[in-house]
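Read-outs: derived from the displayed coordinates by stated rules, not from any lab. Since the model is a prediction, treat every value here as computed from it, not as a measurement. Note that each Cβ is placed from the backbone with ideal geometry, even for glycine, and that neighbours are counted across all protein chains shown.
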Amino acid sequence: MADKVFPIADLRSALPAPPAPFTAAPNGLLSDRLGRPLRDLRISVTDRCNFRCGYCMPKEVFGRNYQFLPQQALLSFEETTRLARLFAAHGVRKLRLTGGEPLLRKNVETLVGMLAALRTADGEPMDLTLTTNASLLSRKAQALKDAGLQRVTVSLDAIDDAVFRRMNDVDFAVADVLAGIEAAQRVGLGPIKVNMVVRRGTNDHEILAMARHFRGTGVVLRFIEYMDVGSTNGWRMDHVLPSAEVLARIDAEHPLEPLAPSQPGETAERWRYRDGGGEIGLISSVTQAFCGDCNRARLSTEGKLFLCLFASRGHDLRALLRGGATDEALSAAIGGAWGARDDRYSELRAQLPADAAEPGFRKVEMHYIGG
Ligand code: SAM
Ligand code: SF4
Ligand code: SF4
């Protein structure tokens with residue numbers, strides 16, 4: 001079958017970066033129109049991936065003829081680091097590298113080293129993490145650790161090999177992901193989190209098996225509700241298994257009790273096994289929106305700043321960078337964008353029409369903006 005063609009220029013069209021002035025919280029750091037600070041920056045380092053998870057990059061769309069971004073469109077490591085430093089001055093404390101598959105970006109450990117040298121506004125080391133499908137983790141774990149990466153989050157949607165091979169759609173084996181997790185544990189990239197996207201009817205029968213597998217290992221398994229990101233995955237509400245149901249299924253076999261959030265704006269609700277078997281997380285992006293304290297910004301592979309996972313357009317910071325903008329001008333653009341932010345898509349989802357993107361625009365794709 002021929003690949004569908006998506007008008008990528010529209011998908012990735014840019015908003016101009018807004019001008020200063022911007023609002024600052026009493027501590028001098030940024031605050032958006034709903035009073036939310038900027039703490040977390042997710043950086044997509046490539047739009048490419050070697051998996052074809054149906055909920056993210058379905059093969060029918062992201063086939064052999066799909067046009068990924070050319071190398072020169074990507075932010076260089078120097079450009080990324082310069083922006084990350086300016087974000088840090090605005091209050092960002094946590095950087096997460098993502099993609100696409102971030103370990104496919106050539107010499108990504110060099111970028112990790114450059115980012116690891118940055119400091120927060122109050123002079124602390126940044127929290128530096130990476131989300132990966134683990135296909136290259138066994139090979140890269142030591143170099144990432146040596147470069148200054150602190151932790152990794154690994155995506156794994158099933159412990160049954162056949163189910164997982166079907167879900168990644170490139171016949172990748174569970175054993176190889178588990179080997180990646182072990183390598184990361186061995187070199188000290190922990191505590192490791194494992195993300196499982198739960199899609200009703202596809203892998204919800206794997207919830208208990210995954211819980212059993214990771215109980216007592218020190219790995220924190222997190223269940224993510226399948227989200228309506230992008231426009232290509234054919235999302236339907238009846239494919240979402242509410243986290244409350246995940247909780248009930250696990251609790252029936254292994255009783256759980258709630259834990260307090262470890263930091264404000266945390267996406268996962270934390271629970272622990274009453275018998276001391278460790279901790280799990282529930283990310284209920286669909287059934288229990290957490291926009292109220294959303295402190296996350298996203299920098300796309302080609303340097304556009306997205307203020308919400310469900311935005312249609314990003315602010316073009318690369319144009320400013322490559323147009324010779326000073327640090328002050330870039331910083332004002334970041335501040336202006338964040339100061340004008342009032343996004344809360346998940347809270348409004350229920351009231352929005354089925355395709356809630358701005359007319360003429362599609363919601364941005366997850367592999368491009370980063371999860
Ligand atoms: N390739 C890496 C990986 O899979 O870990 C990093 C990028 S991936 C886009 C980041 C995270 O987004 C993964 O944990 C993935 O499972 C999650 N994700 C992708 N599409 C999703 C969807 N439609 N709903 C919920 N989570 C999704
Ligand atoms: Fe690739 Fe991650 Fe998307 Fe799966 S979820 S297709 S591994 S980017
Ligand atoms: Fe943040 Fe947008 Fe997600 Fe709400 S929908 S939590 S504002 S990224």
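Summary of values
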{"quantity": "Global geometry of region 109-159, whether rounded, prolate or oblate, following the gyration tensor of its Cα atoms and the 1.5 cut on a/c", "calculated": "oblate"}
{"quantity": "Computed over region 231-371: relative contact order in percent, which uses C-alpha pairs under 8 Å that are six or more apart", "calculated": "22 percent"}
{"quantity": "Trypsin sites (Lys or Arg not before Pro) within region 233-290, DSSP loop, no more than 12 other Cβ atoms inside 10 Å", "calculated": "Arg236, Arg274"}
{"quantity": "Entries in Lys94/Lys140; Lys59/Lys193; Lys94/Lys304 that, when Cα-Cα distance is taken, lie over 23 Å", "calculated": "Lys59/Lys193"}
{"quantity": "Between 0 and 90°, nearest 10: helix 137-147 axis offset from the chain longest Cα axis", "calculated": "50 degrees"}
{"quantity": "Region 229-276 shape via C-alpha gyration tensor axes, a/c threshold 1.5", "calculated": "oblate"}
{"quantity": "Counted charge near Phe172, where neighbours are those whose Cβ lies closer than 12 Å (Asp, Glu -1; Lys, Arg +1)", "calculated": "-3"}
{"quantity": "Between helix 243-253 and the chain: long-axis angle, C-alpha atoms, 0 to 90°, nearest 10", "calculated": "30 degrees"}
{"quantity": "Helix axis angle, 174-187 relative to the chain longest principal axis, alpha carbon, degrees", "calculated": "70 degrees"}
{"quantity": "The chain - convex hull of the alpha-carbon atoms, volume per residue in Å³", "calculated": "137 Å³"}
{"quantity": "Relative contact order [Cα under 8 Å, 6+ residues apart], the chain, whole percent", "calculated": "25 percent"}
{"quantity": "Fully extended contour minus Cα-Cα distance, from Asp122 to Leu208, at 0.36 nm per residue", "calculated": "26.7 nm"}
{"quantity": "DSSP-assigned coil residues among trypsin sites (Lys or Arg not before Pro) in region 49-87, each with at most 12 further Cβ atoms within 10 Å", "calculated": "Arg64"}
{"quantity": "Proximal charge balance of Ile207 [Cβ under 14 Å; K/R count +1, D/E count -1]", "calculated": "-2"}
{"quantity": "Computed [θ] at 222 nm, deg cm²/dmol, the chain (DSSP H ≥ 4; -39,500 (n - 2.57); rounded to nearest 500)", "calculated": "-8000 deg cm²/dmol"}
{"quantity": "For peptides 293-305, 217-229, sequence by mean Cβ density within 10 Å, most packed first", "calculated": "293-305, 217-229"}
